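As structure tokens, the structure follows; a few thoughts come after it.
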Amino acid sequence: TVANPFAKQPNEHCRHNQDWSSWDLERLPATVVPRTNYQRACDPATYAARLDQWNGQPYTNRFRLVWRRMTQPGLERCVQACIVPPGPAHVHTVHSLALTSQSDTVRTAARWSSLAVDYLVKVSGKADIQDELAKRLPLPFKGHPLDQALILRTLRLNCLTSDYAPLWDELYDPSWVDDAWTDPAHVAAGSARPRLGEVGPTWSMATPLRTDVDRRKALVELDALAAIMLGLTVEQLCAMYRTQFSVLRKYEYFMYFDANGRKICKHHQSAGFHQQKGDYELVTAYLEDPGSVGLPSRYQAPFTKPDREDEMTLAYNTFIKRMR
């Protein structure tokens, strides 16, 4: 899904399109190979010879931006794109691309993770994102004052396992240690949540953002960064959100995050990994009267409610100040 190469994997002996399980990103190991419903139908040598060649090399030798082809304007998000490491191939239900440099591929992934580019696909009315539409989307450009802020958030969202270590190590920039969340309240005093700039030049298990709240915050900040780089005002960004993202708005209206960054949502389509049936009603009852119910051990008070328009506005204005 959006900026997440480990959203779900098919269950063993997968029988239909609902027979999939979500990954627990908080406990994702450093090395893991997702299960697949597809396998080679020929010997390895024949298979390798038939792979598409990009500039004289198999396309599977590159870090690529990969996205799901089929979509529709009424979905929560139209563009389901993330970065995959060298190795895996794919069938025609998805497409992938790479730019000349690794950094440009990451910049493109950042744009494609934003509401602004998703909006362009929604209003196009397309139900099939192939190369003719991809070529019409805005390309990244280097040299912007907020360029490293964009790359840092994108890599911390996508680089979930050690297979991404070469990409992280190549693009690491020392300026990242001075970066910070645009909302000072996001990391409260004494909180165990990672600070945005607390990363080293070598990939480690602490490199990726793992909790629901941190990953959502990084995506919101990418929304603001993409809007600034595309020359949009924050009012235009919020108008895009209000007019074309009704499903996302509905989910977030009935959503909370606990002190550990775990998501609880009324709608099962956007439920957190640790959420169980009845948790949303339990949390709302607790918020109305904390003494009336007990919380399960998987959640910890206090609970916060997201407000994407306020968050995007704060992020946008903060980035403008940093840029100046």
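The values are calculated or read from the model by the stated rules, or taken from the named source; none is laboratory data. What you are looking at is a predicted structure, and each value in this text was computed from that prediction instead of being measured. Don't worry about glycine lacking a Cβ; one is built from the backbone with ideal geometry, like all the others, and counts go over all protein chains shown. For the accessible areas, the whole protein counts, side chains as well, though only heavy atoms, and no ligand, DNA or RNA atoms are used. Shrake-Rupley method; radii C 1.70, N 1.55, O 1.52, S 1.80 Å.
Remarks
- Scope segment 38-86; condition of a type outside the set (A, V, I, L, M, F, W, C), in contact (Cβ under 8 Å) with a residue 12 or more places away in the chain and in contact with a Lys or Arg (Cβ under 8 Å, 6 or more places away or on another chain); matching residues: T71, P73, Q80, P86
- Contact map, segment 121-146: residues that are within 18 Å of R77 (Cβ to Cβ) and open to solvent by less than 70 Å² (accessible area, probe 1.4 Å) paired with residues that are of a type in the set (K, R) and at pLDDT below 95, Cβ distance under 6 Å, separation 6+ or inter-chain. Pairs shown: L133/K126.
- Taking every residue in segment 87-100 that is part of a loop (DSSP other than H, G, I, E, B) and pairing it with any residue that is among the polar types (S, T, N, Q), at least 6 positions away or on another chain, the pairs with Cβ-Cβ distances below 7 Å are G87/T60; P88/T60; A89/T60; H90/S96; A98/T105; L99/T105; L99/T108.
- Answer residue from segment 180-218, given it is open to solvent by 30 Å² or more (accessible area, probe 1.4 Å) and in a helix (DSSP H, G or I) and is nearest to D258 (Cα to Cα) among those: D212
- Any hit, segment 82-97, residues being out of contact with any His (no Cβ under 7 Å at 6 or more places or on another chain), hydroxyl-bearing (S, T, Y), at pLDDT 95 or above and within 23 Å of R215 (Cβ to Cβ): no
- R242 being over 19 Å from D307 (Cβ atoms) and among the basic types (K, R): no
- Of all the listed residues (T71, T36, T31, T60), the sole one being among the β-branched types (V, I, T) and in contact with a Cys (Cβ under 9 Å, 6 or more places away or on another chain) is T71.
- Residue count for segment 4-35, restricted to those that are under 21 Å from the mean Cα position of the chain (by Cα), surrounded by 10 or more Cβ atoms within 10 Å (Cβ to Cβ), polar (S, T, N, Q) and in a loop (DSSP other than H, G, I, E, B): 1
- Those helices (runs of 4 or more DSSP H) lying entirely in segment 229-318 with at least 3 residues closer than 20 Å to W112 by Cα, open to solvent by 30 Å² or more (accessible area, probe 1.4 Å) and of a type outside the set (D, E, K, R): 234-244
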